[in-house]
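Quick one: this structure, given as C-alpha cells, is what I'll be asking you about.
The values are calculated or read from the model by the stated rules, or taken from the named source; none is laboratory data. All values derive from a computational prediction rather than experimental measurement. Quick reminder, even Gly has a Cβ in these numbers, built from the backbone with ideal geometry, and neighbours come from all protein chains shown.
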Amino acid sequence: MTPEEEIKKLTAELNQHNYNYYMLDNPVISDEEFDHLLRHLQDLEKKYPEFQQPDSPTLRVGGTVTKKFQTVKHIYPMLSLGNTYSEEELLEFDKSVKSLVNQDVEYVCELKYDGLAISVVYENGILLRAVTRGDGTKGDDVTANVQTIKSVPLRLHGDYPSFFEIRGEILLPFDRFERLNREREDVGEPPFANPRNAASGTLKLQESAEVARRGLDCRLYYVLGKELPYQNHYDSVMKLKDWGFKTPEVIQKAATIQEVIDFVHHWDTERKKLPFPIDGIVVKVNSYELQRQLGMTAKNPRWAIAYKFKAEKVSTQLLSVDYQIGRTGIITPVANLSPVQLAGTTVRRATLHNAEVMSTLGICKNDYLYVEKGGEIIPKIVGVDLSKRASETEKIDFITHCPVCGATLSKNDEEAGTFCPNELHCPPQIKGRLEHFIGRKAMNLDSLGEGKIEILYERGLLNNIADFYDLQYDQLLGIEKHFPAEDGKPDRIVSFREKTVENILAGIQQSKKVPFERVLFAIGIRYVGETTAKKLARYFKSMDALANATKEELMEVNDVGDRVAESIIHYFNQTENLEILIRLRNAGLQFALSEEENTQISNVLEGKSIVVSGVFSIPRDEMKRKIEQYGGKNVSSISKNTHFVLAGDKMGPEKRKKAETLGIRIISEQEFYEMIGA
C-alpha cells in the first residue's frame with residue numbers, strides 16, 4: 001500500500017469511528033485504539049503532507065494559529081429572529097402569519113440554544129467554510145476552529161446536494177463549562193460568566209488546538225441552497241441526520257398556536273434538566289413555500305420568531321466597587337450591592353468581569369444596577385437603571401494602578417483581563433500562590449487554610465512556597481489573630497495551639513510524598529492547570545527535563561500551545577523561581593516520576609472511562625493512579641460514555657442519581673480490586 005493509499009484508508013476509517021461515537025453513540029473500538037490510529041495518521045501526514053485529505057480527522061486536533069480572522073460575505077443574509085416574551089405576542093405572531101398567507105399554518109418548535117450562531121458551507125460533501133453571524137451581511141471566517149468540533153462533520157454521507165449552506169448554533173455543555181472554569185481558576189484566570197460567553201470566546205481564539213481542547217458542541221438545523229430535496233423544514237431536519245449532521249434532540253410539529261404554547265410551557269420547566277444551555281423556544285413556519293410568501297423584514301424573517309424565557313432581574317443600588325487581585329495578577333472588579341433577593345438567594349456582590357465590561361456598562365457612583373440570574377451560573381450585572389440615576393454623578397473608571405502594591409497595570413492584546421505585573425512582590429499574588437500551593441489538588445496541606453496563611457504571611461514566616469518547609473514548632477506555637485465578621489463570615493479567632501501546630505508540621509512532612517505531577521501543578525506556573533501539569537509530568541518525567549525544554553519540545557505535548565509554552569519558559573528563566581525550586585528539592589519534594597508511576601501494570605481497564613466518587617481505604621488520588629496504571633481513564637463527570645462509577649463511602653448523592661438515571665454501573669472498591677486482579 002502506498003503512503004497516499006494508507007492515508008486515505010486511515011482517514012476514512014477514523015471518520016467512520018468518529019461517526020459511530022458522536023452520532024450513533026455506538027463506538028466499536030476503544031479510545032486507546034482510536035488514539036493509536038490517529039497518531040499513526042498524524043505521523044504519515046507529517047511525512048507526506050501533500051497527501052493529507054480535506055476531511056482528515058487530524059484537523060480535529062487543531063494546530064492552526066490565526067493572527068487575524070478574514071471577513072467573509074454571507075451567501076444569504078444571516079438575519080436574527082424577532083423576540084417575544086409572552087403568550088399574547090405568540091398569538092399576535094400567529095395572527096399576523098395567517099393574515100398574510102390566508103390559510104392554516106403548521107409550525108415547527110425547537111429549543112433555542114444559548115450559544116453562537118454559525119454558518120457552514122459544504123461543497124461536494126466536504127466542509128468548505130465556516131463563518132460567524134457578524135453583522136448579518138459579513139462575518140469572521142473561523143473554519144480552522146470549527147473543524148475541531150467533533151459534532152460538525154468534515155465529510156458527509158448519502159445523497160446531499162453538491163453545494164449548500166447549513167446554519168446552527170455552537171454551544172458549550174454545562175459539564176465542559178464547569179470543567180473549563182475549574183481549569184481557569186486553577187491557573188488564576190477569572191471564570192467565564194456563562195456557557196454562551198465561554199463558547200463565543202473559545203471560537204474566537206487564535207490557537208485552534210486550544211479550541212479543540214475545550215470541547216465545543218454544535219447543533220445544525222437550517223439548510224439553504226438551490227438543490228434541496230424537500231419542501232418543508234421538519235423533513236429537512238430529519239434528512240440532515242442521514243447526511244451525518246448532529247441535529248436538535250427536540251423538534252416537534254404543531255398544528256395550532258396552542259400546541260406551540262404548550263410546548264413553551266413544558267420546556268420552560270424541563271430545560272433545567274438539559275445538559276446544555278437554552279434561553280427560549282424557536283417557532284418556525286414549516287412549509288418552505290409559505291416561508292417564501294411571508295418573506296423578510298429588513299432585520300428578521302416574518303415566518304419565524306423566538307420566544308425568550310424570562311430571566312429574573314432586579315434593580316439594586318451599587319455601594320462600591322472592589323478590585324480583587326488573583327495569584328497570577330489578574331484584576332477582577334466586583335460590585336458591592338445593597339442586598340437583594342434573586343432566584344431564591346440573597347445577592348450582595350456580583351462580578352463586573354473586566355475593564356471592557358465596566359466601560360460598556362458605563363457605571364457611575366451610586367447607580368442602581370440590574371442584576372440577572374436566569375440561566376446564569378452566577379449573578380451578573382446586565383445594565384444600569386437610568387431612571388434612578390442622580391442628575392449629578394461621577395463615572396467609575398477602571399483603576400490604572402494595583403490597589404495593593406501600586407504597580408502600573410498592564411494588559412495583553414490577546415486577553416480581556418488587566419493584570420498587575422509585579423508578580424514576585426505584590427502581596428495578594430504572593431498569598432494567592434501560597435493558598436494555591438496548599439490546595440487539595442496540589443500539596444493538600446489541609447491543616448492550613450486562608451486565615452492561617454494570612455497570619456503567617458503578615459508575621460514574615462511565609463514569603464514564598466519554599467518557606468513552608470522551614471517552619472518550626474517554636475515559631476508557630478501561640479500565634480493568634482482576631483478576624484472580624486465580613487462577607488457573611490462570622491467573627492472568629494484563629495489560634496496556633498499545640499495540636500494545631502503538630503498537625504501543620506505533620507502535613508508538611510507528609511506532603512513530601514506528593515507525586516511529581518501535583519508538585520508541578522502546585523508551584524503555580526501560569527496557565528498550567530491540573531490536567532496540563534499531569535501531561536507535562538508524564539511527557540518530561542522530571543522537573544529538570546521540563547526546565548531545560550525548548551518551546552518546540554514543550555509544544556509536542558498535547559494541549560500545550562504558544563501561550564503555555566512561553567509561560568513555562570518565562571517561569572524557569574526567573575532567578576527567584578529557580579532559587580525556590582532548589583529549596584523545594586533540598587526539602588525532599590518529588591521532582592520526578594517514581595518508577596511505579598512510570599510503569600503500566602496492566603491494560604485490563606483499557607478504553608474505559610471511569611468516575612471516582614466517595615471515600616476509600618486509600619487516598620482518592622492513589623485510587624485514580626491505580627486506574628491509570630491498569631490502562632483506564634479518569635473522568636470527572638458522569639455521562640452516557642462513562643463505563644462505570646467506582647464508588648466509596650459517602651458517594652455524592654447527585655452522582656449516584658445521575659448514574660442510575662443513565663444506567664451506568666456502580667461498583668465498590670472491593671469489586672474494583674477483583675476486576676484488576678489486585
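Please go through the stretch 172-202 and give me each residue that is in contact with a strand residue (DSSP E or B) (Cβ under 6 Å, 6 or more places away or on another chain) and within 20 Å of Val635 (Cβ to Cβ), ordered by number.
Once the filter is applied, which keeps residues that are in contact with a strand residue (DSSP E or B) (Cβ under 6 Å, 6 or more places away or on another chain) and within 20 Å of Val635 (Cβ to Cβ), the stretch 172-202 yields only Pro173.
Whether any residue in the stretch 499-515 is surrounded by 21 or more Cβ atoms within 10 Å (Cβ to Cβ) and under 22 Å from Glu189 (Cα atoms) is what I want to check.
No: zero hits.
Just checking, how many residues over the stretch 87-104 are in a loop (DSSP other than H, G, I, E, B) and out of contact with any helix residue (DSSP H, G or I) (no Cβ under 9 Å at 6 or more places or on another chain)?
Selection size over the stretch 87-104: 1.
Answer yes or no as to whether Gly663 is loosely packed, with under 12 Cβ neighbours inside 10 Å and at pLDDT 85 or above.
When the stated conditions are applied, Gly663 passes them.
Answer yes or no: is there a residue in the stretch 651-664 that is assigned to a loop (DSSP other than H, G, I, E, B) and under 23 Å from Arg518 (Cβ atoms).
Checked the stretch 651-664: at least one residue is assigned to a loop (DSSP other than H, G, I, E, B) and under 23 Å from Arg518 (Cβ atoms).
Next up: Could you grab me the full set of residues in the stretch 225-277 that are farther than 28 Å from Asn20 by Cβ, outside any loop (DSSP other than H, G, I, E, B) and among the β-branched types (Val, Ile, Thr)?
Passing the criteria: Ile257, Val260, Ile261, Val264, Thr269.
Next up: Which one of Ser56, Ser96, Ser80, Ser86 is farther than 30 Å from Val260 by Cα and of a type in the set (Gly, Ala, Ser)?
The unique qualifying residue is Ser56.
Mind checking which residues of the stretch 447-502 are within 33 Å of the chain's Cα centre (by Cα) and either in the same structural domain as Pro339 (by TED's automatic domain parsing) or among the acidic types (Asp, Glu) (or both)?
The answer is Glu450, Glu454, Glu486, Asp487.
Scan the stretch 61-75 for residues that are part of a loop (DSSP other than H, G, I, E, B), crowded, with 17+ Cβ neighbours inside 10 Å and at pLDDT 70 or above and jot them down. Spell out how you get there, then give the answer.
Kept after step one, since they are part of a loop (DSSP other than H, G, I, E, B), are these residues of the stretch 61-75: 62-64, 66-70, 74-75.
Retained after the next criterion (residues that are crowded, with 17+ Cβ neighbours inside 10 Å): 62, 66, 69, 74.
Within the stretch 61-75, Phe69, His74 meet the criteria.
Do you know which residues across the stretch 321-358 are assigned to a loop (DSSP other than H, G, I, E, B) and under 22 Å from the mean Cα position of the chain (by Cα)?
Those that are assigned to a loop (DSSP other than H, G, I, E, B) and under 22 Å from the mean Cα position of the chain (by Cα): Gly326, Arg327, Thr328, Gly329, Leu352, His353, Asn354.
Look through Ile627, Ile601, Ile568 and report the one residue that is touching a residue at least 24 places away in the same chain (Cβ under 8 Å), farther than 24 Å from Gly507 by Cα, crowded, with 18+ Cβ neighbours inside 10 Å and not charged (D, E, K, R).
Details: Ile627 fails: touching a residue at least 24 places away in the same chain (Cβ under 8 Å); Ile601 fails: crowded, with 18+ Cβ neighbours inside 10 Å.
Every option except Ile568 fails the conditions.
Let me ask you something else. For the stretch 300-309, which residues satisfy the criterion of being part of a strand (DSSP E or B) and among the aromatic types (Phe, Trp, Tyr)?
Within the stretch 300-309, Tyr307 is the sole residue that qualifies.
Within the bounds of the stretch 292-299, is there any residue that is assigned to a helix (DSSP H, G or I) and either touching a residue at least 24 places away in the same chain (Cβ under 8 Å) or closer than 19 Å to Lys411 by Cβ (or both)?
Yes, the stretch 292-299 has at least one match.
Counting only residues that are under 20 Å from Arg518 (Cβ atoms), hydrophobic (A, V, I, L, M, F, W, C) and not in a helix (DSSP H, G or I), how many does the stretch 613-645 have?
4
If you scan the stretch 152-206, which residues turn out to be surrounded by fewer than 18 Cβ atoms within 10 Å (Cβ to Cβ), small (Gly, Ala, Ser) and part of a loop (DSSP other than H, G, I, E, B)?
Selection gives Gly158, Ser162.
List pairs: first residue in the stretch 75-101 and in contact (Cβ under 8 Å) with a residue 24 or more places away in the chain and of a type in the set (Phe, Trp, Tyr), second residue surrounded by 13 or more Cβ atoms within 10 Å (Cβ to Cβ) and not in a loop (DSSP other than H, G, I, E, B) anywhere in the structure, Cβ distance under 6 angstrom, at least six positions apart or on different chains.
Short answer, once both residue conditions are applied: Tyr76/Leu224; Tyr85/Lys308; Phe93/Ile305.
Right, another one. If I go through the stretch 626-639 residue by residue, how many of them are at pLDDT below 80 and in contact with an Asp or Glu (Cβ under 7 Å, 6 or more places away or on another chain)?
Matching residues across the stretch 626-639 total 1.
Residues of the stretch 447-491 being under 25 Å from Ala587 (Cα atoms), of a type in the set (Asp, Glu) and modelled with pLDDT under 85, which ones?
The answer is Glu450, and nothing else.
Restricting to the stretch 411-440, and then to whatever is of a type in the set (S, T, N, Q) and surrounded by 14 or more Cβ atoms within 10 Å (Cβ to Cβ), can you tell me which residue is farthest from Leu581 (Cα to Cα)?
Among those that are of a type in the set (S, T, N, Q) and surrounded by 14 or more Cβ atoms within 10 Å (Cβ to Cβ), it is Thr418.
May I ask you to verify whether Leu319 is at pLDDT 90 or above, more than 22 Å from Phe93 (Cβ to Cβ), surrounded by 14 or more Cβ atoms within 10 Å (Cβ to Cβ) and not assigned by TED's automatic domain parsing to the domain that holds Phe177?
So Leu319 passes the test.
With respect to Ile525, is the statement that it is assigned by TED's automatic domain parsing to the domain that holds Leu554 and either without any contact (Cβ under 8 Å) to a residue 12 or more places away in the chain or in contact with a helix residue (DSSP H, G or I) (Cβ under 6 Å, 6 or more places away or on another chain) (or both) true?
On the way: assigned by TED's automatic domain parsing to the domain that holds Leu554: yes; either without any contact (Cβ under 8 Å) to a residue 12 or more places away in the chain or in contact with a helix residue (DSSP H, G or I) (Cβ under 6 Å, 6 or more places away or on another chain) (or both): yes.
Criteria met by Ile525.
Yes or no, residue by residue, for (1) more than 27 Å from Lys452 (Cα to Cα); (2) of a type in the set (S, T, N, Q); (3) not in a helix (DSSP H, G or I):
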position: Val494; (1), (2), (3): no, no, yes
position: Lys512; (1), (2), (3): no, no, no
position: Gly524; (1), (2), (3): no, no, yes
position: Thr531; (1), (2), (3): yes, yes, no
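May I pose another question? Which one is surrounded by the fewest Cβ atoms within 10 Å (Cβ to Cβ), of the residues in the stretch 445-455 that are in contact with a helix residue (DSSP H, G or I) (Cβ under 8 Å, 6 or more places away or on another chain) and in a helix (DSSP H, G or I)?
Across the stretch 445-455, the extreme among qualifying residues is Glu450.
Just a yes or no: is a residue in the stretch 604-611 farther than 20 Å from Phe521 by Cα, acidic (Asp, Glu), modelled with pLDDT under 90 and assigned to a loop (DSSP other than H, G, I, E, B)?
Yes, some residue in the stretch 604-611 is farther than 20 Å from Phe521 by Cα, acidic (Asp, Glu), modelled with pLDDT under 90 and assigned to a loop (DSSP other than H, G, I, E, B).
Suppose we filter the stretch 262-285 for residues that are more than 27 Å from Leu172 (Cα to Cα) and either out of contact with any strand residue (DSSP E or B) (no Cβ under 9 Å at 6 or more places or on another chain) or in contact (Cβ under 8 Å) with a residue 24 or more places away in the chain (or both); how many remain?
If we filter the stretch 262-285 for residues that are more than 27 Å from Leu172 (Cα to Cα), which is where we start, we get 262, 285.
Subsequent filtering for residues that are either out of contact with any strand residue (DSSP E or B) (no Cβ under 9 Å at 6 or more places or on another chain) or in contact (Cβ under 8 Å) with a residue 24 or more places away in the chain (or both) retains 285.
Qualifying residue count, the stretch 262-285: 1.
Working carefully through the options Glu654, Glu576, Glu606, find the one that is surrounded by 15 or more Cβ atoms within 10 Å (Cβ to Cβ) and of a type in the set (D, E, K, R).
Every option except Glu606 fails the conditions.
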